[in-house]
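The structure appears right after this line, and notes come after that.
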Protein chains: 2
Amino acid sequence: MAEPLGVGTAWPVGGGGPAGVGPAAEESSQPDIADDPARRTRTIKATIDAGIDASKTAEATLRRTREAVEPVLRAAVDTLPGRLRSIAAYHLGWEDADGSVLGSIGGKLLRPGLVLAAATAVAASGVGGNGLGAAADPEVLASAAAIELAHNFTLLHDDVIDRDHTRRHRPTAWTVFGAENAILAGDAMLALALRLVGGEAASRLAECVIEICDGQFEDCAFEQRDDVTLDECLTMAGKKTGALLGCACALGALAVRADPLAVAALDLFGREIGVAFQLTDDLLGIWGDPAVTGKPVGSDLSARKKSLPVVAALSARSAAAGELARVYALGRDFTEHEVRRATEAVERAGGRAWAATEAAARIATAHAHLRRAPGVEQAAVHDLHAIAELITRRTS
Amino acid sequence: MAEPLGVGTAWPVGGGGPAGVGPAAEESSQPDIADDPARRTRTIKATIDAGIDASKTAEATLRRTREAVEPVLRAAVDTLPGRLRSIAAYHLGWEDADGSVLGSIGGKLLRPGLVLAAATAVAASGVGGNGLGAAADPEVLASAAAIELAHNFTLLHDDVIDRDHTRRHRPTAWTVFGAENAILAGDAMLALALRLVGGEAASRLAECVIEICDGQFEDCAFEQRDDVTLDECLTMAGKKTGALLGCACALGALAVRADPLAVAALDLFGREIGVAFQLTDDLLGIWGDPAVTGKPVGSDLSARKKSLPVVAALSARSAAAGELARVYALGRDFTEHEVRRATEAVERAGGRAWAATEAAARIATAHAHLRRAPGVEQAAVHDLHAIAELITRRTS
C-alpha cells in the first residue's frame, strides 16, 4: 500500500497482468526483467532516483506557478459578490467556513502550471511572446487563472452531483454552504473564468467546458450501465479530464501567439497527459495510501466505481474478472474482506498493469505530439516534461 | 380572478391601498376617479383599448423576433453533445422527453426581443449599424441567442434549486432527466451562451450572470429570514431579473456599435423594465388566472414566498399586515380558506396597489432613461415601448 505508486505506473516493473485484457496483452512483448533480480533492483533504483529528480523539477515549476498565478486568481475571485466569493474562497482552500484565512493550501495548480509551461515552450522559440518572459505575460496569467477557475467550477458542481463529502481533506463546499449555494457559486466561477479571457481563448475554454459536462454526463450514465466498454471509458476520461489539460496547454500557446499547428499539438499533448492523469487517479483510488490521498482504503471499490482499472479487469475473460464481477454484484455494502478480494481481483485480472501501461503509453504519445509542434523550442519544454512526469508519479 | 391583471398593474384604476405602506402612500396624491362611475368606465375602456393595441404591437415584435432568432438559437443548441442537447431542447420546449418534435412553443423570447429592439433603436439613427437592418445583423442575432441561452441556463438551475416541478405548463427538466443532468445541461448552456458573443458583449454577459447568481443567492437567503426589507427585495429583483433585461438592451446596442452612453442608458432602461417585470410576475403569482399562468391558485402564497407585494404588505403597520403575518406563521399547509385570507390581507395591507404603482413608476423611469440616450432615434423606439407595455400588461 505504501509503495510509491508512481514508480509502478510510469515504468511498470512487475510482470504485466494476464493476457486477455486487450491493451495489456500488448505488454507481453516487452522484455521481462522480473526474472533477473539484480537487474530489477538496479532498474527500480534508477526509476526512483529519476522520479525524485522529476518531482523536484515539477515542484519548482508549480511553486513558480503559484507565485505568479495566485495573486491574479485571488484578484479575480475578489470581484465576486460577498457570499459567492466566500464559497469560492472556501472551496479553493483560502478560507475556512467562518471566513478565517487559511493561507495557501488548495490544489496543486497543475493546470495553470501547464498554461505557463506551454507559453514558455512557445515563447522561447521567439515565434511568440512579448519579450516579458511568458510566465509574466498578463494574458498568460489571465489564461492560467481562468483555467484554474474553470477546473474548480467543475469540482464544485461534481461534488454536488456525486454527493461527495470530502475534497482535499476538507468537507466539500455543498456540505458546508448547501447544494443550492454551491451550484450558484460554481455558476459564478464559470462566468468569471470566461470573463478573464477573450477571443479564441474564450471560445476554446467555453467549448472545453461543454466537453467536460458531456464527460461528466457520461460518467454518471455509465454508473447505471453494466455493459460499458473500456473504449467508452477512455473516451469519457478524454472529455472529463483530458479536455481541460489540453485546453490549458492550448491557452498558454495562444496567449503568446503561437502557430495554430503548435496550439493544436499542445492541445493534444495536454489531452494525452490528461488521460494519464485520470488513469493514475484511478490507480490511487484503489492502491493509494489513504494517509496521502485523504480517501479511505478501497473507497472507489466500495462505491463500486467503474474506474478504468476496474473496467479493464472486468473486460478480461478470466477467473479473476468473474470474481470481481461477483463482488461488484453484491447488493450491499462491502466488508473489509470483500474490499480486499475486489482489490486483488482487479490486480489479478490485469487491471492494474493495464492502467499503468496505458498511462505510460499516453505520456509517450504526448511527448511525440510535443516533438512535432512547430515553433516549440525543445530546449524549453522541461517544465512540460516535469509536469507530465509528476502526473503519473504523484501519490495524491 | 379573471380580470385582466395587466390593466390593473400599468394603470391602477381602483383605489390604492390604505396609506401606511411607504411607497403606496405616495399614490394617495393621485386624483381619485373611483367616485365618478362614468369617468371610471371611460378610463377603463380607453385603458383596455390601449392595452390591446400595445399587446398587438408587442406580439408582432416578438413574432418577428422568433422568426429571426430561433434559427440561430437552434443552430447553437444543435452544437451541444447528444444528451445535453436533448435536455436543452426539452427545456426550451422544442422536444418532448422522448425526443419527439414539439414545434415552436417555449418562452416568449422577450429578452431576444429587447436585443433586437435596442439594436433597431440605435441603428436607425445611423450612428451604428451595418446597413443590413439591425434585426438581420449576425452579431445582433448572436447576442439575442446568447441572452436567451443565458436566461434558460438560469431557469434550468433555478428549477433544481427551488425544486419547482412545473415550468411553462410542463414538468421541469430536472424532474424528467434528473437534477444532476439538469445541472450539467445548464452549465453547458451557459458556456454556449458565452461562446456566442465576444469582446465587451461577452464580458457584460459574464458580469450579468454573476449578478443573477448573486440575486438568486439572496432570494434563497431571504426565504430563511424574517426581517427582509422591501428595499432589499427590490435590490434583489434588480439583480435576479433586472440585470438580464438590462444586459439584453446593452448587447443589442453594443452589437451595432452604439455610443457607450447609449449602451449605459439602454442597460438602465432594461433594468427598470426588468423590475417592473418581476413586480408583475409577483402580482400574477397571487392574482393571475391559473388557466393562463399554469400555476395553481395562490401557489406563491401557499409556498409562503416573500414576493414583492407580500413584503410590501408585511411592512405596512396595519391590522391587515398583522393578519397576513399570522397566516404566514402557521406551521402547516394552508387550507383554501387561509389562502383566500392571505390573498385578501395582501390586498387590504396595500401590497397589490403598491406593486402596481411601483411597476408603473419603473416603466416611467425606464422611458426617461431612453429619452436621454444619445444617438437613439425616438422614432425607432416603438418596439422597446411595445415590449415595456407587454411586460406589465401580460397575463402569464
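The values are calculated or read from the model by the stated rules, or taken from the named source; none is laboratory data. Source: prediction; values computed, not measured. Here the Cβ is made from the backbone with ideal geometry for all residues, glycine too, and neighbour counts use every protein chain on show.
Some observations on this one:
- Residue list for region B:206-240, restricted to those being within 8 Å of chain A (Cβ to nearest Cβ), in contact (Cβ under 8 Å) with a residue 40 or more places away in the chain and aliphatic (A, V, I, L, M): B:209
- Selection status of residue A:168, in contact with a Lys or Arg (Cβ under 9 Å, 6 or more places away or on another chain), surrounded by fewer than 22 Cβ atoms within 10 Å (Cβ to Cβ), among the basic types (Lys, Arg) and within 30 Å of residue A:305 (Cα to Cα): no
- Hits in region A:160-181 (condition: charged (D, E, K, R) and either more than 8 Å from chain B (Cβ to nearest Cβ) or closer than 22 Å to residue B:77 by Cβ (or both)): A:162, A:163, A:164, A:167, A:168, A:170
- Failed item in (1) over 21 Å from residue A:215 (Cα atoms); (2) of a type outside the set (Asp, Glu); (3) within 14 Å of chain B (Cβ to nearest Cβ), with residue A:72 passing the rest: (3)
- Selection within region B:354-393: residues that are over 16 Å from residue B:117 (Cβ atoms) and of a type in the set (Lys, Arg). The member of this set that is modelled with the lowest pLDDT is B:393.
- Across region B:277-297, the qualifying residues are those that are of a type in the set (A, V, I, L, M, F, W, C) and surrounded by fewer than 17 Cβ atoms within 10 Å (Cβ to Cβ), and the one among them that is farthest from residue B:338 (Cα to Cα) is B:292.
- Test: residue in region B:244-259 that is free of Cβ contacts under 8 Å to residues at least 60 places away in the same chain and of a type in the set (Val, Ile, Thr): no
- Only one of the listed residues (A:156, A:149, A:141, A:184) is at the interface with chain B (Cβ under 9 Å from one of its Cβ atoms), hydrophobic (A, V, I, L, M, F, W, C) and assigned to a helix (DSSP H, G or I). That residue is A:184.
- If you go through region B:332-381 and pick out every residue that is closer than 21 Å to residue B:269 by Cα and exposed (fewer than 15 other Cβ atoms within 10 Å of the Cβ), you end up with 7.
- Restricting region A:217-247 to residues that are in a helix (DSSP H, G or I) and β-branched (Val, Ile, Thr) leaves a set whose member that is nearest to residue A:316 (Cα to Cα) is A:235.
- Residue B:303 satisfies every condition listed in (1) under 18 Å from residue B:230 (Cβ atoms); (2) under 24 Å from the mean Cα position of the chain (by Cα) except (1).
- Here residue A:135 fits the description: part of a helix (DSSP H, G or I), modelled with pLDDT under 95 and more than 13 Å from chain B (Cβ to nearest Cβ).
- Some residue of region B:288-302 being part of a helix (DSSP H, G or I) and modelled with pLDDT of 95 or more: no
- Helices (runs of 4 or more DSSP H) (entirely within region A:326-396) containing at least 2 residues that are over 30 Å from residue A:61 (Cα atoms): A:336-348
- Residue list for region B:79-103, filter: more than 14 Å from chain A (Cβ to nearest Cβ) and free of Cβ contacts under 8 Å to residues at least 24 places away in the same chain: B:89, B:94, B:95, B:96, B:98, B:99, B:100, B:101, B:102, B:103
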